[in-house]
Amino acid sequence: MKRIKILHLSDADAPMDKVLVKGWVRTRRDSKGFSFIEVNDGSCLKNIQVIADENLSNYEEINKISTGSAVSIEGKLVASKGGGQKWEIQAEGVDIISLAPESYPLQKKRHTDEFLRTIAHLRPRTNKYGAAFRIRSELSYAIHRFFRDRGFRYIHTPIITGSDCEGAGDMFRVTTLNMDHVPVADGKADYAEDFFGKEAKLTVSGQLEAEMFALALGDVYTFGPTFRAENSNTRRHAAEFWMVEPEMAFCDLDGNMDLGEELIKELLRFVMKECKSDIELFARFVDKQLLGILENIVASDFVRIPYTAAVEILSESNKKFEFPVKYGSDLQSEHEWYLTEEHFNRPVIVYNYPKEIKPFYMRVNDDDATVGAMDVLVPSIGEIIGGSQREERYDILEGRMKETGLPKEEYWWYLESREFGSVPHSGFGLGFERLMMLVTGINNIRDVIPFPRTPKNIEF
Ligand code: 4AD
Ligand code: MG
């Protein structure tokens, strides 16, 4: 028997005499002498309508096919005469791969996002989540393409690490010690007996290691999972999330802002063009403003204002904030939203933050009070990028490490990079799930990552 290639429904664009389609049944209904089966193969939003007529030898079994069952269909792909779909298959053979029982939870009706989170292993079979995760895949590709087109090299920075890049101390521990009998020395856990012979954590950022490669290969980036044990149960925070981190040698804060703006615009343009039908689903059913928001971002020049100016705008606004604004404290999400949505109604880059509220590695400005930090804020999300120019001067970096209480012995290699051939360099981290939330309008981070990890939640 001649083997026929499986047709992906996303590729159905012309009549074909013989096609093979494999997928999952969304619905089935009978009509006199026919069974109409809606099949989806996950390649695109559209189902294909399969018409099975009563002359098929297994017609009795076909009539028992239930929602959620897996099938393999052979037949003719023809233009559909009925409304609603462009193509249909006149089946010559319907192979039932497996029948789903009636308890299949995704019967044809709307389900809440909260319910679908409890069946995260099945939710990609719905229209909405199928679309979201196809977009996630396309966006990942677009990120690699963006950097490759500009000569950046892709670096795989370690997941297990000894260094706390952000100095926030909210890291997950990695250990093989027996938790029921932890070895003790001087009243404390004895990590000398642990796998690595010292404390190990899951990384919060690949930045410090990426910097070492920027100082060797020029422009580089990492794109991988990062972990934070922040106990904040918000719609924007996950304990495991993906970050895109470019790092550019011979680049100052202005160049860094340019790259951030260019990256966001290019990625939005890409999904609007390449994921058109999936994005349309979100624009119709999830956020009616979505296309307007995306087009506005692509068309605007991002506002660039120093932190002090941002604080001024916020204090002069008549808005009642839950957390009052004052110089020297970090911007809260309500402040970010006010700036980007209400005041400017476009993306805003806030730069030059007080050094006290930022990590040790950011470059100290001439005023000795602020550092060359930058946060990119976008409507509906707030902070999507955090980055900075890095402190390239050995003595100042060493002083900042002392001030912020970072042990020099552990960061000797980082300091040493400033001793040998140090150059001005800059980079940032783009939260990949926040980008996903922006492009889909999905308002909870738990719904843009396949299996979300948040406080007290590690199912699947
Ligand atoms: O601002 P952050 O903490 O910056 C860094 O980690 C730098 N080391 C990056 C760099 O310069 N290479 O994090 C960067 C971005 C944030 O702007 C946000 O979009 C995202 O990562 N992010 C989170 N996303 C989801 N859940 C969390 N808990 C996140 N924490 C940060
Ligand atoms: Mg940040």
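The values are calculated or read from the model by the stated rules, or taken from the named source; none is laboratory data. For clarity, every value in this text was computed on a predicted model and none was experimentally measured. Ideal geometry is used to build each Cβ from the backbone, glycine not excepted, and the neighbour counts take in all protein chains shown.
At-a-glance table
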item	result
Selection count, segment 104-147, where residues are surrounded by fewer than 14 Cβ atoms within 10 Å (Cβ to Cβ), assigned to a helix (DSSP H, G or I) and under 19 Å from the mean Cα position of the chain (by Cα)	3
Residues satisfying the stated conditions in segment 310-336, i.e. over 25 Å from Gly441 (Cβ atoms), surrounded by 15 or more Cβ atoms within 10 Å (Cβ to Cβ) and among the small types (Gly, Ala, Ser)	Ala310, Ser317
Residues of segment 161-181 satisfying the condition of being of a type outside the set (S, T, N, Q) and loosely packed, with under 12 Cβ neighbours inside 10 Å	Gly169, Met179, Asp180, His181
Any pair with Cβ under 7 angstrom, 6 or more apart, that starts in segment 119-138 at a residue that is over 19 Å from Lys276 (Cβ atoms) and ends at one that is of a type in the set (Ser, Thr, Tyr)	Arg123/Tyr129
Helices (runs of 4 or more DSSP H) completely within segment 253-330 that count 3 or more residues being farther than 30 Å from Arg148 by Cβ	307-316
Residue satisfying condition, being within 16 Å of ligand 2 (Cβ to nearest atom) and either touching a strand residue (DSSP E or B) at 6+ places or on another chain (Cβ under 9 Å) or not aliphatic (A, V, I, L, M) (or both), within set Asp375, Asp447	Asp375
Count of segment 167-204 residues which are in a loop (DSSP other than H, G, I, E, B) and more than 36 Å from the chain's Cα centre (by Cα)	7
Failed criterion for Glu211 (all others in (1) of a type outside the set (A, V, I, L, M, F, W, C); (2) part of a helix (DSSP H, G or I); (3) away from ligand 1 (no atom under 16 Å from the Cβ) hold)	(3)
Any hit, segment 182-198, residues being within 16 Å of ligand 1 (Cβ to nearest atom), surrounded by 15 or more Cβ atoms within 10 Å (Cβ to Cβ) and either in contact (Cβ under 8 Å) with a residue 24 or more places away in the chain or not small (Gly, Ala, Ser) (or both)	no
Hey, Ala229 within 16 Å of ligand 1 (Cβ to nearest atom), closer than 30 Å to Arg150 by Cβ and outside any strand (DSSP E or B) or not	no
Lone unmet requirement of (1) away from ligand 2 (no atom under 16 Å from the Cβ); (2) in contact (Cβ under 8 Å) with a residue 40 or more places away in the chain; (3) not small (Gly, Ala, Ser) for Glu166	(1)
Residue match in segment 288-307 (condition: touching a strand residue (DSSP E or B) at 6+ places or on another chain (Cβ under 9 Å) and more than 30 Å from Ala142 (Cβ to Cβ))	yes
Those residues of segment 409-435 which are more than 19 Å from Gly206 (Cα to Cα) and free of Cβ contacts under 8 Å to residues at least 40 places away in the same chain, in sequence order	Glu409, Glu419, Phe420
Sole exception among (1) closer than 25 Å to Arg134 by Cβ; (2) of a type outside the set (D, E, K, R); (3) in contact with a Phe, Trp or Tyr (Cβ under 7 Å, 6 or more places away or on another chain) for Ile51, by number	(1)
Number of positions in segment 423-452 that are of a type outside the set (D, E, K, R) and part of a helix (DSSP H, G or I)	8
Pairs, first on the phi < 0 side of the Ramachandran plot in segment 287-300, second not in a helix (DSSP H, G or I), C-beta under 6 Å, six or more apart	Asp287/Gly441; Leu290/Gly441; Ile293/Pro379; Ile297/Pro347; Ser300/Arg346
Lone qualifier among Leu20, Leu56 - being surrounded by 15 or more Cβ atoms within 10 Å (Cβ to Cβ) and either part of a strand (DSSP E or B) or in contact with a Cys (Cβ under 9 Å, 6 or more places away or on another chain) (or both)	Leu20
Residues of segment 65-81 that turn out to be at pLDDT 95 or above and not in a strand (DSSP E or B), as a count	5
